[in-house]
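> Below: one structure in structure tokens.
The values are calculated or read from the model by the stated rules, or taken from the named source; none is laboratory data. All of these numbers come straight from a predicted model, not from anything done at the bench. No Cβ is skipped: glycine too gets one built from the backbone with ideal geometry, and neighbour counts run over all protein chains shown. Each accessible area value is taken on the protein alone, full model and side chains, heavy atoms only, with ligands, DNA and RNA left out. Shrake-Rupley method; radii C 1.70, N 1.55, O 1.52, S 1.80 Å.
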Amino acid sequence: MSGETLCVMLVPSAAGAAWREALAARATDLGWLVSDVATDPSITPGAGLVFADSHAAMLAFAPHARAVVIDTTLDDTVDSDLTVRQAAIVQRSHMLVEAEMAAKHGATVLLATRSRLEFPVLGPVERKQTERSPNGGSALDSPLAVFDISTPAGRAHWHPRWFHYPEGHTGTVDRPLLDLTGRMRPVVYGPYIRLPEGRWRAELNVTVDTENSHVPLIFEWGAGVEFSRVVTTIRQAGTYAVSLEHVWEQPDAAQLRIWIQYPIFQGVLGFQGCEVNRVETTDRDQAAPH
């Protein structure tokens, strides 16, 4: 198989590391050179097995000689430091966006969670099993499930644990409660997971205790300085459903933000995270009690 070449991008994860080891071993057995664009940007097609870390780096190779191995699970993001886990997920989302761009330009997409994969040019490869974290959950539990080709198209639950609370919260990590008393400010924002271009919807349910007054809120969904908004004043305690859509003109870090419109002296908001999915059409943004 001399003269053959294959360019592979691996989304960073424990399974991805196992695939890198397995691919390198298989290529070596075949007498291929193994190299990495990250350490040698001058690599060109014809250099055996090449690992790439971006869609742009893969473009030098023929479409039939490109493969991306994606991992959208949380099986290995188990550090006890939540900040470390958040950073790992954000980093993985950047690579998943790159992988999606590569797929649109002809790269074969493969799932890292499988133990045997059929690679273009290289053929079948098996990897060592990696230990599954008891906290990993199913693919649908992962905020990165929006990238998973094996689940319903582009949908994921973004759990409250992945968001940021500038003034903290009471309640639990699953159902944080936010004191709204005070100045105009954001009470929740994040999680900065990178999304590819396209139209994306965020749907959330919040509980509001008005404490016998009114609660003026702003809900925002978008990236950078471009956001879609729902501005509302809630006068009755209850559970409210909010849906926002925004078009990503280019890949960017997503934010869902909830603000207090102006200073108030009362109110508690219960946050349950949000559902994120790709959409083709626009529904009217709404904030309606149910």
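> Return the loop-located trypsin sites (Lys or Arg not before Pro) in region 212-260 (DSSP other than H, G, I, E, B) with at most 15 other Cβ atoms within 10 Å of their own Cβ; answer none if there are none.
For trypsin sites (Lys or Arg not before Pro) across region 212-260 that sit outside H, G, I, E and B with at most 15 neighbouring Cβ atoms in 10 Å, the list reads Arg235.
> Normalised by the number of residues in the chain, what is the relative contact order in percent for Cα pairs under 8 Å and 6+ residues apart?
17 percent
> Please calculate the 1.4 Å probe accessible area of Tyr165, with all protein chains present, and give it to the nearest 10 Å².
Counting only protein heavy atoms, the figure is 40 Å².
> Give the long-range amide H neighbours of Thr108: residues separated by 5 or more places, or on another chain, with amide H under 5 Å away, using H modelled in the peptide plane at 1.01 Å from N.
Long-range HN contacts for Thr108: Arg66, Ala67, Val68.
> Estimate the FRET efficiency between Tyr165 and Ala24 by the formula 1/(1 + (r/R0)^6), using the beta-carbon distance for r and 41 Å for R0, to the nearest 0.05.
After rounding to 0.05, the efficiency reads 0.45.
> If you stretched the chain out fully between Arg114 and Asp174, how much longer would it get, using 0.36 nm times the residue separation minus the C-alpha to C-alpha distance?
Separation in residues times 0.36 nm, less the Cα-Cα distance, equals 18.6 nm.
> Mind putting a number on the dipole of the chain about its Cα centre? Charges go on the C-beta only, +1 for Lys and Arg and -1 for Asp and Glu, and I need it in Debye to the nearest 20.
I would put it at about 260 debye.
> Calculate, in nm to one decimal, what Leu59 and Glu203 gain on full extension: separation in residues at 0.36 nm each, minus their alpha carbon distance.
48.2 nm
> Restricting to DSSP loop positions (anything but H, G, I, E, B) with no more than 13 other Cβ atoms inside 10 Å of their own Cβ, which chymotrypsin sites (Phe, Trp or Tyr not before Pro) remain in region 249-278?
Phe265
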